[in-house]
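Undergrad: Here you go, one structure.
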Amino acid sequence: MIPRQPFTAVLLLVLAWTCLARPVLAGDSVTFALFTRGWPPFEMVVNGEPQGAALDIFRISMPVGVETLVLMVPASRSVLRTPGDRVYARLECREWMGNADLYLWSDPVLTLRTVLLSRRNRPVEYTGETSLYNLTIGCIKTYSYPEVDPLFKNGKASRYDVNSDVVLLRMLKAGRVDVALFDECTARWMIRSSPELSMEDFHVSKRELGSAELRFAFNRHPGWESRLGEINERIRANRENGVYREIMDHY
């Protein structure tokens, strides 16, 4: 997605700030490993081109003078375990990654909220696990949901798996599941992007089920750990100046 014009002014202000940062060695580069199956609005391939909020956030968070590249790959996390001359990066949560200590991690960039969606005409407010008893909860087949997994294990709620976020939203709208769990950014993007869906179709519970911090994960490239201070400084400045919030407002 191409950002609207107001974002350009913010980007120029941030780039002006970076001119004060310490110069880096010529030839430095870092490659974002983009998940080609997609994680909208963060990672998408549109007409063969990599797009998404994660790329915008990545480019504006790396140290000045560092070349930012993109590699589109189905097994995107696997490259973080790749030794060699190239620095790889992804936007991840530590909780999602097995053996998280194998990687280098930045400070938090964004907070992802896990929200409960239900139908507007049959709203469900989340007030604790008892509010989900005896409900059929729509989930993505390959995802783990630590907030509600105990309910599935003890039979107090039923899990219904599908392979696609947009399919799950359609099923929820049609009443084939009672509620569904989403990260809020993905849910709003999917609903806005689908001509057959509207926020008017859904109720978003006021209380979130959980949250997770998105950070940059890097492979343990020799010497790259010394650059984390620069990256974290930029992340802090971008957060304070609302740069990441401005990016997400365009998705």
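Undergrad: Let me know the whole percent of all Cα-Cα pairs from segment 105-209 that are separated by more than 23 Å.
TA: On the way: 1198 of 5460 pairs.
The share of Cα pairs beyond 23 Å in segment 105-209 comes to 22 percent.
Undergrad: Just the number please: accessible area per residue for segment 167-214, 1.4 Å probe, all protein chains included, in Å².
TA: On the way: 2230 Å² over 48 residues.
Dividing the accessible area of segment 167-214 by its residue count gives 46 Å².
Undergrad: Here is a follow-up. Below 12 angstrom from the Cβ of V87, what's the summed charge of the other residues (Lys, Arg +1; Asp, Glu -1)? Walk me through the numbers before you get to the answer.
TA: Details: positive: R86, R90, R220, R227; negative: D28, E67, D85, E225.
Summing Lys/Arg as +1 and Asp/Glu as -1 gives 0.
Undergrad: I'd like the Karplus ³J(HN,Hα) series for segment 234-249: coefficients 6.51, -1.76, 1.60, θ = phi - 60°, whole numbers in Hz, and an x wherever there's a Gly or Pro.
TA: Coupling constants for segment 234-249: 5, 4, 4, 5, 5, 5, 5, 8, x, 5, 5, 4, 5, 4, 5, 5 Hz.
Undergrad: What is the mean projected area of the alpha carbon convex hull for the chain, to one decimal in square nanometres? List each step's numbers first, then the result.
TA: Numbers: hull surface 58.1 nm².
Projected over every direction and averaged, the Cα hull of the chain covers 14.5 nm².
Undergrad: I'd like the accessible area for C185, computed on protein heavy atoms only with a 1.4 Å probe and all protein chains in place. Round to 10 Å², please.
TA: Number for this one is 50 Å².
Undergrad: Something else: Show me the ranking of peptides 150-157, 238-245, 227-234 by mean Cβ neighbours inside 10 Å, starting with the highest.
TA: Numbers: 150-157: 13.4, 238-245: 15.4, 227-234: 17.9.
Ranked from most to least packed, the peptides come out as 227-234, 238-245, 150-157.
Undergrad: Given that compact globular proteins tend to follow 2.2 N^0.38 Å, what is the ratio of the alpha-carbon Rg of segment 46-110 to that value? Walk me through the numbers on the way to the answer.
TA: Values: Rg = 12.6 Å, N = 65, 2.2 N^0.38 = 10.7 Å.
In units of the 2.2 N^0.38 Å rule of thumb, it is 1.17.
Undergrad: Where is the GNM fluctuation largest for the chain (alpha-carbon springs, 10 angstrom cutoff): D107, D28, D56?
TA: Comparing D107, D28, D56 in a Gaussian network model of the chain, the most mobile one is D28.
Undergrad: With a 1.4 Å probe and every protein chain left in place, work out the accessible area per residue of segment 110-165 in Å², rounded to a whole number.
TA: So segment 110-165 comes to 55 Å² accessible per residue, rounded to a whole number.
Undergrad: What is the diffusion coefficient of segment 53-177 in µm²/s, taking the Kirkwood radius over Cα pairs and the Stokes-Einstein relation at 20 °C with a viscosity of 1.002 mPa s?
TA: Working: Rh = 17.9 Å.
Rounded to a whole number, D works out at 120 µm²/s.
Undergrad: In addition: What's the carbon and sulfur percent of the chain's accessible surface, probe 1.4 angstrom, rounded to a whole number? Provide the component values of the computation, followed by the final result.
TA: Details: 6560 of 12830 Å².
C and S atoms contribute 51 percent here.
Undergrad: Related question: Using a 10 angstrom cutoff on alpha carbons, build the Gaussian network for the chain and name the most mobile of P40, P146, P50.
TA: Between P40, P146, P50, it is P146 that shows the largest mean-square fluctuation.
The values are calculated or read from the model by the stated rules, or taken from the named source; none is laboratory data. Given the structure is predicted, the values throughout are model-derived calculations rather than measurements. Counting neighbours? That spans all protein chains shown, and the Cβs are built from the backbone with ideal geometry, glycine included. The protein model used for the area step is the full one, side chains on, heavy atoms only, and it has no ligands, DNA or RNA in it. Shrake-Rupley method; radii C 1.70, N 1.55, O 1.52, S 1.80 Å.
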